[in-house]
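Below is one structure, written out as structure tokens; comments come after it.
Taken together, the values in this text are just the output of simple stated rules run on the coordinates, not laboratory data. As the structure is a computational prediction, the values presented were derived from the model and not from experiment. Cβ: placed from backbone, ideal geometry, glycine included. Neighbour counts: every protein chain shown.
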Amino acid sequence: MNQQKNTKQGILVKMNIVLLGSPGVGKGTYAKRISGIYGIPQISTGDMFREAIKNKTEIGLKAKEYIDKGELVPDDVTIGIVEERLKKDDCKNGFMLDGFPRTIAQAEALDKIVVIDKVLDFTASEKIIIDRLSGRRICKSCGAIYHIRNIIPKVKGVCDKCGGEVYQRNDDKPEAVKKRLDVYTKQTAPLIGYYKEKKLLADIGADKPIEQVDEIIADVRKALEE
Ligand SMILES: [Zn+2]
């Protein structure tokens, strides 16, 4: 594994990154910006699996066997896919792992194949996340996404693009969002403890509205370049 680091304005930039953050925290938006600034790819677990299976790599085919049987892919197979992906050219200056690791066992396995420099944990208050996610509306016909405050259809309840019905998915109702958040918090708490102990965790407050994304990115740069 290439451990070469980028140097930005003479500052050593730490680039092998793990991304953490609950649903609705805006992780995808931040990752896109970080990727643009440092030229490192965002690697999501889903994309990684799809790619390995599509390319019919040995480990990809092994993963497919489990998925086809509807079984959980074991950690040693998953870590094999991660290792294969991180060896690719676009990771030579670093990467952002998104959706992996999910458990301490996976984090320990990851530590055996690569040095993690920083874990960015995007956090926002439960109230703000519920507010964001439960404001989401979706078109029943074409899947276009709206939001009751900032992406409002011209005619209430009617899709601008296709005239379909704009509604709220059950998954986006406040009780369901709260449940999703609880599951996330329970799953991630041990991982946060693990990285905190290794002094790799950077808590990035993401309570600010999306228009102030520049300020959140400034905090990220500070965390990465300090
Ligand atoms: Zn529509």
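Pairs linking a residue in region 28-53 that is outside any strand (DSSP E or B) to a residue that is surrounded by fewer than 14 Cβ atoms within 10 Å (Cβ to Cβ), with Cβ atoms under 7 Å and 6 or more positions apart or on different chains, are Thr29/Ile210; Pro41/Asp90.
Here's the yes/no breakdown for (1) of a type in the set (A, V, I, L, M, F, W, C); (2) within 30 Å of Glu108 (Cβ to Cβ); (3) touching a residue at least 60 places away in the same chain (Cβ under 8 Å):
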| site | (1), (2), (3) |
| --- | --- |
| Cys139 | yes, no, no |
| Lys154 | no, no, no |
| Val166 | yes, no, no |
| Lys178 | no, no, no |
| Gly193 | no, yes, no |
| Lys199 | no, yes, no |
| Ala202 | yes, yes, yes |
| Val213 | yes, no, yes |
| Leu224 | yes, yes, yes |
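Across region 122-142, the number of residues qualifying as of a type outside the set (S, T, N, Q) and either over 24 Å from the mean Cα position of the chain (by Cα) or within 16 Å of the ligand (Cβ to nearest atom) (or both) comes to 6.
Scanning region 209-226 for residues that are under 19 Å from Lys118 (Cα atoms) and of a type in the set (A, V, I, L, M), we see that the one that is surrounded by the fewest Cβ atoms within 10 Å (Cβ to Cβ) is Ala218. Restricted to helices (runs of 4 or more DSSP H) entirely inside region 97-213, those with at least 3 residues that are in contact with a Gly (Cβ under 8 Å, 6 or more places away or on another chain) are 126-134.
Exactly one residue out of Ile152, Ile113, Ile145 is within 25 Å of Ser35 (Cβ to Cβ) and within 16 Å of the ligand (Cβ to nearest atom): that is Ile145. In a residue-by-residue description of region 146-153, the property of being over 25 Å from Tyr195 (Cβ atoms), of a type in the set (Phe, Trp, Tyr) and surrounded by fewer than 16 Cβ atoms within 10 Å (Cβ to Cβ) applies to no position.
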